[in-house]
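Q: Please see the structure below; I have some questions.
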Amino acid sequence: MQQLASFLSGVWQSGRGRERNIHHAITGEALWEVTSEGLDMAAARRYAIERGGETLRAMTFIERAAMLKAVAKHLLEHKAQFYALSAQTGATKADSWVDIEGGIGTLFTYAGLGSRELPDDTLWPEDDLIPLSKEGGFAARHVLTSKSGVAVHINAFNFPCWGMLEKLAPTWLAGMPAIIKPATATAQVTQAMVKAIVDSGLVPDGAISLICGGAGDLLDQLDAQDVVTFTGSASTGQTLRVHPNIVANAIPFTMEADSLNCCVLGEDVTPEQPEFALFIREVVREMTAKAGQKCTAIRRVIVPENRLEAVSQALIARLEKVVVGDPAQEGVKMGALVNAEQRADVQEKVDQLIAAGCQVRLGGKADLQAAGAFFPPTLLFCPQPDETPAVHAIEAFGPVATLMPYRSADPVSYTHLTLVTADLATARRFIAGAARPHGRIQILNEESSKESTGHGSPLPQLVHGGPGRAGGGEELGGLRAVKHYLQRTAVQGSPSMLAAVGNQWVRGAAVREDRVHPFRKYFEELQPGDSLLTPRRTLTEADIVNFACLSGDHFYAHMDTIGAAESIFGERVVHGYFLISAAAGLFVDAGVGPVIANYGMENLRFIEPVKPGDTIQVRLTCRRKTLKKQRAADEKPTGVVEWSVEIFNQHQQAVALYSILTLVARQQGDFPA
């Protein structure tokens, strides 16, 4: 039996000391020995920071996003070996797909978010200018920069690939190196993926480290620039959260733990409705996927009292058809638990629930002597959930759920994540009462079911985790997750200083004007602050009439003299959209040049009304630039430029403010000639 090596300080290392074994979930065969005793955790942290951290921090957000995409593509090419190892954990092909390709998909998602929404810089200005003085000469904004430490990721056994990648994606995008500590029971799958990443050469040396075995004294080595994330049992997470060094140094700690999630059947749903069948399908799928070993799995099935028997019979009928066994065998729908220890733990928790007053309606007993760690689909019934606190506190982390009634039309006192209802008013009332204690709620009906990813499918764009026992973490949630690994700093100064710091022009900062129109400059030539002040144009009543005839917009404030006089304007005003068109006529350079296309307009605000006889002028200023990665040698190299547009009148009052995005050609591409 071979020892599962760790990857620390840039080399694969074996520990020396007490070992644990990883067993095949189906056969019980001992596969690997695991220990990290004797490994130098302090040196591993220093190496990650000094080698991986320094390189990652020097990369821009756009470069890091490109790295994520390249890693994702590489892992997809090697997915076959991950599937083979995942089968050792008792997972079916469908279970493994969620873990392996779902995790790789998270890398792709964060790569896209980074390339589209983050600056081509190492510093991220988080907000717009915040005025701090009357005259505008003193202001502030918040900036985000990479922490100088390491992110320690302590992961659970149930998703050895996805659990690692969903943390790695925002960590690397933020510019931090990571030390991965997977759960021992499935560490061989994580190790194979880490090895594929290391061997690819796509990430900087020191950007990723792996501990197979215990974390040793790693948590004692951390300081305030480090971050710890944890996924696993609530009890373990709560213990780690109060580690003396984490408390003493206020080290950021993100926790995502088991939370006894639920599915609630709306009082409006009858057995004849399609939503009833959806409810049964959702519960059965969540009970049996990964053999119930999901922190998002449905543990409590909450239904109106008058639907108990119908739901019970339908669930039992579906669960009895689930074939449990070796996923390699045709027809098997549910595999084994990860190992015999987990099977014993699930049995213990089921016995505790029964002792607390729950009744067995299906399953409930496993053969604890069998080689394979199988546990039968188990449906319990709790007749008095309000008087049975155990059913809301004890989680059997396997294919186990408890059916329970609610007697009120408003069952929001329970913790739950999915509501199945066909009634709009029920959904509104439910969310209004239930949103506070939850991080994510799915409302399922016939319409959404056609495309729903399901109760237990965390999506990278959405928050994953919730308050209370669930830990309060936001491991995902789009760019929210990236901010967990960044330092937020309030910077105060003049607008020009803040523009220089953020490498983005802000209103009030100095501008640069020259004889070359900004639209005649290539992407490389443009700099934030490059500006154009246009000639003036006086708008007339004829402009209003002509635009109304051309556009079909005959709104009374523009065309009805009497109606406009009685309005808040006191007289007819120019169409807002004509104002924008007239501004474009003033600042656009008509000739063929580097500007290729207009991507759109953002944050449009009309500040003051413009009336016939008013004279407008426009200031166009380059606000920021974002490089677009050239995907092929024959693709035109480009970048995206955001322009600030200010339209003001003859009194120097701003009448409209907005931004436009243009695609601008680059002089040189990413592929050498």
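The values are calculated or read from the model by the stated rules, or taken from the named source; none is laboratory data. Please read all numbers here as calculations on a predicted model, not as lab measurements. Cβ: placed from backbone, ideal geometry, glycine included. Neighbour counts: every protein chain shown. For accessibility, only protein heavy atoms count, side chains too; no ligands or nucleic acids. Shrake-Rupley method; radii C 1.70, N 1.55, O 1.52, S 1.80 Å.
Q: Quick check on my filter: what residues within segment 225-248 are more than 26 Å from VAL482 (Cβ to Cβ) and either open to solvent by less than 60 Å² (accessible area, probe 1.4 Å) or of a type in the set (Gly, Ala, Ser) (or both)?
A: Residues satisfying the conditions are SER233, SER235, ALA248.
Q: Ok, one more. In segment 434-468, how many are surrounded by fewer than 16 Cβ atoms within 10 Å (Cβ to Cβ), farther than 18 Å from THR106 by Cα and modelled with pLDDT under 80?
A: Final tally of qualifying residues: 5.
Q: With respect to the numbered conditions (1) touching a Ser or Thr at 6+ places or on another chain (Cβ under 9 Å); (2) modelled with pLDDT under 95; (3) over 21 Å from ARG520 (Cα atoms); (4) not basic (Lys, Arg), which one is the sole condition not fulfilled by TYR599?
A: For TYR599, the failing item is (3).
Q: Picking from LEU526, LEU532, which residue would you name as being of a type in the set (A, V, I, L, M, F, W, C) and assigned to a loop (DSSP other than H, G, I, E, B)?
A: Exactly one residue qualifies, and that residue is LEU526.
Q: Filter segment 1-27 for residues that are polar (S, T, N, Q) and under 31 Å from the mean Cα position of the chain (by Cα); which is least open to solvent (accessible area, probe 1.4 Å)?
A: In this case the residue turns out to be SER6.
Q: Do we find a residue being open to solvent by 30 Å² or more (accessible area, probe 1.4 Å), part of a strand (DSSP E or B) and of a type in the set (D, E, K, R) anywhere in segment 660-670?
A: No, that holds for no residue.
Q: Please work out which one of (1) touching an Asp or Glu at 6+ places or on another chain (Cβ under 9 Å); (2) buried (at least 19 other Cβ atoms within 10 Å of the Cβ); (3) not aromatic (Phe, Trp, Tyr) is the condition ILE100 fails and give its number.
A: (1)
Q: Only one of these conditions is not met by ILE130: (1) open to solvent by 50 Å² or more (accessible area, probe 1.4 Å); (2) in contact with a Ser or Thr (Cβ under 9 Å, 6 or more places away or on another chain); (3) closer than 30 Å to LEU657 by Cα. Which number is it?
A: Of (1) open to solvent by 50 Å² or more (accessible area, probe 1.4 Å); (2) in contact with a Ser or Thr (Cβ under 9 Å, 6 or more places away or on another chain); (3) closer than 30 Å to LEU657 by Cα, only one is false for ILE130: (2).
Q: Then there's this: Exactly one condition in (1) open to solvent by 30 Å² or more (accessible area, probe 1.4 Å); (2) under 19 Å from ARG536 (Cα atoms); (3) not in a loop (DSSP other than H, G, I, E, B) is not met by ILE647; state its number.
A: Result: ILE647 fails condition (1) only.
Q: Of everything in segment 249-274, what is in a loop (DSSP other than H, G, I, E, B), hydroxyl-bearing (Ser, Thr, Tyr) and surrounded by 21 or more Cβ atoms within 10 Å (Cβ to Cβ)? Give them in sequence order.
A: SER259
Q: Follow-up question, since we're still on this one. Is there a residue in segment 532-547 that is surrounded by fewer than 16 Cβ atoms within 10 Å (Cβ to Cβ), within 30 Å of GLY593 (Cβ to Cβ), in contact with a strand residue (DSSP E or B) (Cβ under 6 Å, 6 or more places away or on another chain) and of a type in the set (Ser, Thr, Tyr)?
A: Yes - at least one qualifying residue is present in segment 532-547.
Q: Here is a follow-up. For segment 512-525, what are the residues that are out of contact with any Leu (no Cβ under 6 Å at 6 or more places or on another chain) and either crowded, with 19+ Cβ neighbours inside 10 Å or modelled with pLDDT of 95 or more (or both)?
A: PHE519, LYS521, PHE523
Q: State all residues of segment 368-403 that are outside any loop (DSSP other than H, G, I, E, B) and acidic (Asp, Glu); if no residue qualifies, say none.
A: ASP386, GLU387
Q: In segment 550-568, which residues are of a type in the set (A, V, I, L, M, F, W, C), under 47 Å from the mean Cα position of the chain (by Cα) and either surrounded by 14 or more Cβ atoms within 10 Å (Cβ to Cβ) or in a helix (DSSP H, G or I) (or both)?
A: Of everything in segment 550-568, those that are of a type in the set (A, V, I, L, M, F, W, C), under 47 Å from the mean Cα position of the chain (by Cα) and either surrounded by 14 or more Cβ atoms within 10 Å (Cβ to Cβ) or in a helix (DSSP H, G or I) (or both) turn out to be LEU550, ALA557.
Q: Based on this model, can you work out whether ASP326 counts as part of a loop (DSSP other than H, G, I, E, B) and charged (D, E, K, R)?
A: For ASP326, the condition - part of a loop (DSSP other than H, G, I, E, B) and charged (D, E, K, R) - is met.
Q: I'd like the full set of residues that are over 10 Å from LEU661 (Cα atoms), hydrophobic (A, V, I, L, M, F, W, C) and open to solvent by 30 Å² or more (accessible area, probe 1.4 Å), limited to segment 597-628.
A: Correct list: LEU604, PHE606, ILE607, LEU627.
Q: Output yes when any residue across segment 28-39 is in contact (Cβ under 8 Å) with a residue 40 or more places away in the chain, surrounded by fewer than 18 Cβ atoms within 10 Å (Cβ to Cβ), in a helix (DSSP H, G or I) and not aliphatic (A, V, I, L, M), and no when none is.
A: No: segment 28-39 contains no residue that is in contact (Cβ under 8 Å) with a residue 40 or more places away in the chain, surrounded by fewer than 18 Cβ atoms within 10 Å (Cβ to Cβ), in a helix (DSSP H, G or I) and not aliphatic (A, V, I, L, M).
Q: Could we say that LEU627 is farther than 24 Å from ASP514 by Cα and aliphatic (A, V, I, L, M) here?
A: Against the criterion (farther than 24 Å from ASP514 by Cα and aliphatic (A, V, I, L, M)), LEU627 does not qualify.
Q: Hey, another quick one. For segment 472-498, which positions are touching a residue at least 60 places away in the same chain (Cβ under 8 Å), under 11 Å from the mean Cα position of the chain (by Cα) and crowded, with 21+ Cβ neighbours inside 10 Å?
A: Of everything in segment 472-498, those that are touching a residue at least 60 places away in the same chain (Cβ under 8 Å), under 11 Å from the mean Cα position of the chain (by Cα) and crowded, with 21+ Cβ neighbours inside 10 Å turn out to be GLU475, LEU476, ALA481, VAL482.
Q: Only one of ILE251, ILE280 is closer than 30 Å to THR421 by Cα and either of a type outside the set (Lys, Arg) or modelled with pLDDT under 90 (or both); which?
A: Criteria check complete, one pass: ILE280.
Q: Here is a check on your reading of the model: is SER14 closer than 21 Å to VAL150 by Cα and not aromatic (Phe, Trp, Tyr)?
A: So SER14 does not fit the description; no.
Q: Here's a follow-up. Residues in segment 292-309: is at least one open to solvent by 10 Å² or more (accessible area, probe 1.4 Å), of a type in the set (A, V, I, L, M), free of Cβ contacts under 8 Å to residues at least 60 places away in the same chain and out of contact with any helix residue (DSSP H, G or I) (no Cβ under 8 Å at 6 or more places or on another chain)?
A: no
Q: Continuing with this model, one more query. I need the full set of residues from segment 360-409 which are of a type in the set (Lys, Arg) and either closer than 22 Å to VAL322 by Cα or free of Cβ contacts under 8 Å to residues at least 40 places away in the same chain (or both), in order please.
A: Correct list: ARG361, LYS365.
Q: How many of the residues in segment 123-179 are assigned to a loop (DSSP other than H, G, I, E, B), polar (S, T, N, Q) and in contact (Cβ under 8 Å) with a residue 12 or more places away in the chain?
A: Residues in segment 123-179 being assigned to a loop (DSSP other than H, G, I, E, B), polar (S, T, N, Q) and in contact (Cβ under 8 Å) with a residue 12 or more places away in the chain: 3 in total.
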